[in-house]
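Student: What follows is a structure written as structure tokens; I'll ask about it next.
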């Protein structure tokens, strides 16, 4: 043996000893020097570590220690964790003999005692029960070793060791760059990583969502020796998450279209959470203003007359099935105290409890601004009442027409002629009212419709025509448009039968104006209407009062509250009417801004 201090002791060159060392079924290593460098390794040790024995010669024994296990003790006895060639940990038991001639033989046995095997089995069972599969990557050949569970998740047969290049091609194109960046960043920082990706299984070509976790393994000198980790099929979870997201999106779209605000109210701490923009719009607040607690809602927002009803609705929900339905008027930030400044909201929700009989924990619900709907309902109610009133008046007018026409007619033909004319005039007036959104009739339109058959040209003032109309635009509300329209029909009919329109030289001039008095707030504008005939046959007062005379005197006086004066001068009939114009109810205007 060479005893030079600067040379490693030679191994025994005894053929029998070398044969025993090389052929031993137990993994053996000969160590030398203070750093316990491997002077020789038998094939059994190389097979155990996945390396050629020659690759172990010259390496310190500490180079085999796994970074996440217990190191080989100084006495070279007991348990240790070594690293295989693929980077996976190996639990071994070391036994050493006495040092002779600067050499020490160490026997290496893989730890296969019952406790270790049971722990390994328990680990595999725990991972499998959690749906996790194990994997490890060897940079030497670029292959990935898969447990049976991991292989099944990726669609590979049990025991498969696919190349990473093949697995990479199965990763979703949109996820590959994110996967690469995540792994590179974690390896550079020495941290574990987790990533989710779409993966096309090799067995059936179906796309699955895979959650992969891993960590890099490094040698003491920092060289990357492999990666280990676990993976899990999270397709069902991802599909559920996406389905939930889609439902939330549909709910948000529905609430947006329906203009509903979504909120949560946490009862115990009286805190509100507003979950969409509509809530801020309904209460006219900004996110920086913060939400409204229930205490503030009752103190400063709800109309004083609606507080009791709203509290009763909340109490009823708490004492029954927890479902809340409540309506109240609210005053928003910046609104005044006038009636039109109060908005009407409708709130619906359900209280959640801590257990079947527990205290209410939170209220989840929606809020709708129903101000426009309430105004529309009130307007509809007013229109219905207006319609009922108009139908009653129309039926009464028709009844009066029938009775009076029958009493004054001298024959069936005269009755028919008078009756049909008056009904057609009544129908035309109603047609004009129906076509107008405000339910009004133009005074000029009523006059033109009745007098057009007798005009010899334009009916403009100063035209010199047979009929002249001179006055501003006046829209007559329905309650006076019908009787005034009937009066114009009677005046035209009488003029055509007995007055200025019964010959070719007669003329009719109608003038009107609107007078406004401001002496008191109760004063209303008045219509001054003047009908003057000339050029017709000589006029004499009637010997008896017919229907036309009664309508002009009674209907205009009672229904229109008009002052009527009639002059039967020989050169032509003159009628003057002074009628108050009723105020219009703004709620009946469908074009009003809500």
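Rule-based calculations on the coordinates, nothing more; no lab input. Because the structure is a prediction, the values reported are computed rather than measured. Virtual Cβ from ideal backbone geometry, glycine too; neighbours counted across all protein chains shown.
Student: Mind ordering 364-372, 449-457 by average Cβ neighbours within 10 Å, highest first?
Tutor: 364-372, 449-457
Student: Using the Kirkwood formula on the Cα atoms of the stretch 15-111, what hydrodynamic radius do you get, in angstrom to one decimal?
Tutor: Hydrodynamic radius (Kirkwood, Cα pairs) of the stretch 15-111 is 13.3 Å.
Student: Further, regarding this structure: Mind jotting down the three principal axis lengths of the stretch 258-369 based on Cα atoms? Whole angstrom, largest first.
Tutor: 44, 30, 27
Student: Roughly how many nanometres apart are two label points built 7 Å out from the Cα toward the Cβ at residue 568 and residue 248?
Tutor: The modelled label-to-label distance comes out at 8.9 nm.
Student: Which order do the peptides 463-472, 296-305, 525-534 take when ranked by the mean count of other beta-carbon atoms within 10 Å per residue, highest first?
Tutor: 525-534, 463-472, 296-305
Student: Can I get the semi-axes of the stretch 126-239's equivalent ellipsoid? Compute them from the C-alpha gyration tensor as square roots of 5 times the eigenvalues, in angstrom, largest first.
Tutor: 22, 16, 14
Student: Compute the FRET efficiency between residue 350 and residue 303 as 1/(1 + (r/R0)^6), taking r as their Cβ-Cβ distance and R0 = 35 Å, and round to the nearest 0.05.
Tutor: 0.90
Student: Taking a label point 7 Å from the Cα of residue 206 along the Cα→Cβ vector, which residues of the stretch 145-172 have an amide N closer than 13 Å to it?
Tutor: Taking a point 7 Å out along Cα→Cβ of residue 206, the residues of the stretch 145-172 whose backbone N falls under 13 Å are 153-155.
Student: Defining a contact as two alpha carbons under 8 Å apart and six or more residues distant in sequence, what relative contact order in percent does the stretch 258-369 show? If you can, show how the numbers build up before the last one.
Tutor: Details: 201 pairs, mean separation 32.6, N = 112.
That works out to 29 percent.
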